[in-house]
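The values are calculated or read from the model by the stated rules, or taken from the named source; none is laboratory data. Computed from a predicted structure; not experimentally measured. Here Cβ is always computed from backbone atoms with ideal geometry, including for glycine, and neighbour counts include all displayed protein chains.
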Amino acid sequence: MRIRRGIVAYSAAVADLPLMLPGPYADALLGALDVEGKIPRALEALGPLAGRGVAVVGGGSRELADLAGVAGHVTRVSAPAGPGSLALGVPSESVDAVVARWSAFDGADPRDLAEADRALRPDGRLLVVHDYGRDDVSRLRGDLPAYGLWSRRDGPFLSAGFRIRVVHCFWTFASLEAMTAFLSGGFGEVGAALAATLKRPRLSYNVAVYHRTRGGAAQPTG
C-alpha cells in the first residue's frame, strides 16, 4: 500500500470492473471499459467531487486514479461483505460524498443508506453506479435485478429518494478479432454468439448512476 496525493492507494483493482473474470480477461476488460471516461464525468457532474472529501467504497486503482487530480481528499473503504454490512469507518458528518461503483448498495439496503447518511455532511452526496442493462453487455449476463427492479419507480433506489442518470458507455476493443477473442474466451458460447452479431469492435454498455443528497433529497437533475 502507498499513499499519494491524499489518496489511499491499493495495488488490486478491487472495484474497477462490474464483474469477475479470469486475470487476462479482466485486464482486457479494464482496457476496454468506458475509454471515453463518461462514468467519472457523470460522477463529477452529480457530485460535484472536485476539491471535496470523498469516501470511495471498494475502489480499485483505476477509480482512485480517476479521482486523484479531482477530489481534495479520498478515503478508500472496504467493500461490504453483503447487503446491510457497510461500515465506512469515518467520523459522522465528515465527508462530502460517498461513491460506490458496482461494489456496494446492492438493492439499496436501508442499513447501508443509514451508514452513508451518518458519514455525510448535511449537504453530502451519495453516488452509486450499477449496471442498467438494455445493452449488448446484458446479453452476456442473463437476468439481473439491476436490469429491471432496481431502476423502477417502486424499486429500492427510486423509492428511497434516489434519482437516476443513465450513462451510455461502451466496451471498446482494438479490433473485431480482439473483441471476439475476449468474448469467446471470457464468456464461452454466449460470448461467441454475441460477437458474431456485432459489426464494430465495441459493445454498448449502459450504467445507472443513482444519486441523492443525505437523507434522501435528490438534486433536480436526472
Note to self: So for the stretch 133-154 (the condition being assigned to a strand (DSSP E or B), touching a residue at least 24 places away in the same chain (Cβ under 8 Å) and in contact with a Phe, Trp or Tyr (Cβ under 8 Å, 6 or more places away or on another chain)), does at least one residue qualify?
What the structure shows: no
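Matching residues to (1) modelled with pLDDT of 95 or more; (2) surrounded by fewer than 19 Cβ atoms within 10 Å (Cβ to Cβ); (3) within 27 Å of Arg76 (Cα to Cα); (4) in contact with a Phe, Trp or Tyr (Cβ under 6 Å, 6 or more places away or on another chain):
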position	(1), (2), (3), (4)
Arg118	yes, yes, yes, no
Gly124	yes, no, yes, no
His130	yes, no, yes, no
Ala193	yes, yes, no, no
Lys199	yes, yes, no, no
Arg212	yes, no, yes, yes
Checklist line | Selected residue (criterion: modelled with the lowest pLDDT) from residues of the stretch 79-98 that are surrounded by 16 or more Cβ atoms within 10 Å (Cβ to Cβ) and either farther than 16 Å from Arg111 by Cα or hydrophobic (A, V, I, L, M, F, W, C) (or both) | finding: Ala79
Item checked: Sole residue being touching a strand residue (DSSP E or B) at 6+ places or on another chain (Cβ under 8 Å), of a type in the set (A, V, I, L, M) and closer than 30 Å to Thr172 by Cβ, chosen from Val99, Val90 -> Val99
Next item on the list: Could you tell me whether the stretch 65-78 includes any residue that is touching a Ser or Thr at 6+ places or on another chain (Cβ under 9 Å), under 21 Å from Arg212 (Cα atoms) and crowded, with 22+ Cβ neighbours inside 10 Å?
Entry: no
